[in-house]
Amino acid sequence: MPISKFLNRYFQQFLSKESQSIDLSQQLYYNKSMLDDYLSNYIRSFDKLALAVSGGRDSMAMLAWFCNNIPKSKFFVITVSHNIRGEEGLRDRDFVVDYCKKEGIRCEVYEEDIPKFCKENNYTVEQGARIRRREIFADTVLSKRASRVVLAHHMQDQVESILMHVFRGSGIRGLKGMSLDDGVLLRPMLNVPREDIERYVGQNDVPYVDDSTNSEENYTRNKLRNQIMPLIRQAYGGVDGNVIRLSRLAKEVSDFLDKSSRNFEVKDGEVFIPIEALKGEHVIAADTVVNAVDSITTRVDLTSKHIQLVISLADKESGASIALPFGLSAHKESLYVVLAVAKTIAYSGKIDGYGSYDLRDRTLVVSEEKRGRLRCDIDKLNGCEIRNRRAGDVFKRFKGGSKSLGDYFTDVKVPKRNRDNVVVLAKGADVYALPEYEIGDIVKIDETTQRVAYLDIIKK
């Protein structure tokens, strides 16, 4: 589900009218009205908010502000333990838990093995940690446990994010930076300078812990923050304000383009972009690709190179495909370019009579009752392994000839991206049935049949 669909009309009006009067020079401590007048009422409009708190200075300042200004019944805390920093990470987790207990705030702790997650998915530690956090936050909102997840990003975080997008080759959308509210994440401190947060923490005796990795230069953002940005600010004193102004202009342009960049359809977690949508104005085509990706992921950043690769598929032969970052892939299929998240689900089990068989995301039903469009001889089907396709599989079609399973998929036009997730019922290399498509000749009903089974696959 696209994050942008969560945006409500009220906040769009808030952004277009109220936020125009926010002066970036205002200070959090001495001018609390910036939050009270423009954001407090909006924050209170939500039934429940989840605050993402790490224990660091910024998130603890945010938590302290909530404790002082928002009824505690209207928010709870999420803290993610990444298993990256050993005892220090456990200290930070316990610090947040203890603070919440003292303040009477519910705290949800997520124990994550980020090094293992990164190794399994070939991510850097930065990428893996960010992806898992995004997944946790998105699930919190999609499951309706909270209306938004609130983050403590401030003005300097915004500037750094925009510049990192520029350095990675992002387009206009990257210049927008982070949103105050994107439907999942709410960032009420986004226009607050770091110095004002430090002042607020000092004046209000807000406790916090320091993350030692903030000074390690092997992280991309740390290099930008600790080495590059001081030099840029020395040369260009007003760079932060100038970048923020640029981001506002980029948002106006990007929002205008978005109105013409929604010509695609989402079906079963995949997005279908008509070829003609990629052959018009390049800027519209590029924005269409980005919007399409956002509609099926939890915000994957694509570079201009990746976007151009997707657009180029419009001129390729049907069946052409490309791999994109974070498990995404793009495929040319007839009159569409299809974007999908590459995910193979491993099936296992054995048919041993009537019943329901777990396929993780779905259920295979073998029933005596007349349901599903396929029927077969259950005694012939018994003993079949439930699995994914394998090299060497052979399928003899119902009232048809034998051929390799790959050739069968080509004949019935099963997209290549979907073939690894087709449910196969087989004995050895002989395929007895494909419950989503048809039964094999070997399990058909004939004069010897004593028991009939109906096959159906249902989504959970």
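Below is a table of values for the structure above.
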{"quantity": "Complete set of residues in the stretch 252-268 that are assigned to a loop (DSSP other than H, G, I, E, B) and either aromatic (Phe, Trp, Tyr) or open to solvent by 40 Å² or more (accessible area, probe 1.4 Å) (or both)", "calculated": "LYS259, SER260, ARG262, ASN263, PHE264, ASP268"}
{"quantity": "Residue within the stretch 336-344 that is of a type in the set (Val, Ile, Thr), out of contact with any His (no Cβ under 9 Å at 6 or more places or on another chain) and part of a helix (DSSP H, G or I) present", "calculated": "no"}
{"quantity": "Positions within the stretch 384-407 being within 39 Å of the chain's Cα centre (by Cα) and either in contact (Cβ under 8 Å) with a residue 24 or more places away in the chain or at positive phi (or both), in sequence order", "calculated": "CYS384, GLU385, ILE386, ARG387, ASN388, ARG389, ARG390, GLY392, ASP393, VAL394, PHE395, LEU405"}
{"quantity": "Cβ-Cβ under 8 Å pairs, at least 6 apart or on other chains, the stretch 66-89 side polar (S, T, N, Q), far side open to solvent by 50 Å² or more (accessible area, probe 1.4 Å) and modelled with pLDDT under 85", "calculated": "ASN69/ASP36"}
{"quantity": "Any chance PHE409 is in a strand (DSSP E or B), under 30 Å from SER321 (Cβ atoms) and either open to solvent by less than 30 Å² (accessible area, probe 1.4 Å) or among the hydroxyl-bearing types (Ser, Thr, Tyr) (or both)", "calculated": "no"}
{"quantity": "Residue match in the stretch 308-321 (condition: open to solvent by 30 Å² or more (accessible area, probe 1.4 Å), part of a strand (DSSP E or B) and more than 30 Å from ARG130 (Cβ to Cβ))", "calculated": "no"}
{"quantity": "Pair list, Cβ < 8 Å and 6+ apart or interchain, from the stretch 99-122 residues that are on the phi > 0 side of the Ramachandran plot to residues that are open to solvent by 50 Å² or more (accessible area, probe 1.4 Å) and at pLDDT 90 or above", "calculated": "GLY104/LYS72"}
{"quantity": "Of residues in the stretch 326-345 being modelled with pLDDT under 90 and surrounded by fewer than 13 Cβ atoms within 10 Å (Cβ to Cβ), the one nearest to PHE272 (Cα to Cα)", "calculated": "SER334"}
{"quantity": "Test: residue in the stretch 160-178 that is of a type in the set (S, T, N, Q), in contact (Cβ under 8 Å) with a residue 12 or more places away in the chain and in a helix (DSSP H, G or I)", "calculated": "yes"}
{"quantity": "Some residue of the stretch 234-245 being farther than 22 Å from ARG134 by Cβ, among the aromatic types (Phe, Trp, Tyr), free of Cβ contacts under 8 Å to residues at least 24 places away in the same chain and open to solvent by 20 Å² or more (accessible area, probe 1.4 Å)", "calculated": "yes"}
{"quantity": "Residue that is modelled with the lowest pLDDT, among those in the stretch 180-207 that are open to solvent by 40 Å² or more (accessible area, probe 1.4 Å) and part of a loop (DSSP other than H, G, I, E, B)", "calculated": "ASN204"}
{"quantity": "Matching residues in the stretch 102-115 - criterion: being farther than 26 Å from SER161 by Cα and among the charged types (D, E, K, R)", "calculated": "LYS102, GLU103, ARG106, GLU108, GLU111"}
{"quantity": "Matching residues in the stretch 146-157 - criterion: being under 20 Å from the mean Cα position of the chain (by Cα) and either among the hydroxyl-bearing types (Ser, Thr, Tyr) or open to solvent by 10 Å² or more (accessible area, probe 1.4 Å) (or both)", "calculated": "SER147, ARG148, LEU151, ALA152, HIS153"}
{"quantity": "Residue check for ASN222: in contact with an Asp or Glu (Cβ under 8 Å, 6 or more places away or on another chain), modelled with pLDDT under 85 and more than 26 Å from ILE307 (Cβ to Cβ)", "calculated": "yes"}
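For (1) at pLDDT 90 or above; (2) not in a helix (DSSP H, G or I), each residue gets a yes or a no:
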residue	(1), (2)
VAL149	yes, yes
ALA152	yes, yes
VAL209	yes, yes
ASN214	no, no
GLU217	no, yes
PRO230	no, no
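The values are calculated or read from the model by the stated rules, or taken from the named source; none is laboratory data. Because the structure is predicted, anything quoted here is derived from the model rather than measured. When we count neighbours, we look across all protein chains shown, and the Cβ atoms used for this are built from the backbone with ideal geometry, even at glycine. When the accessible area is computed, the model is the full protein with side chains, heavy atoms only, and any ligands, DNA or RNA have been set aside. Shrake-Rupley method; radii C 1.70, N 1.55, O 1.52, S 1.80 Å.
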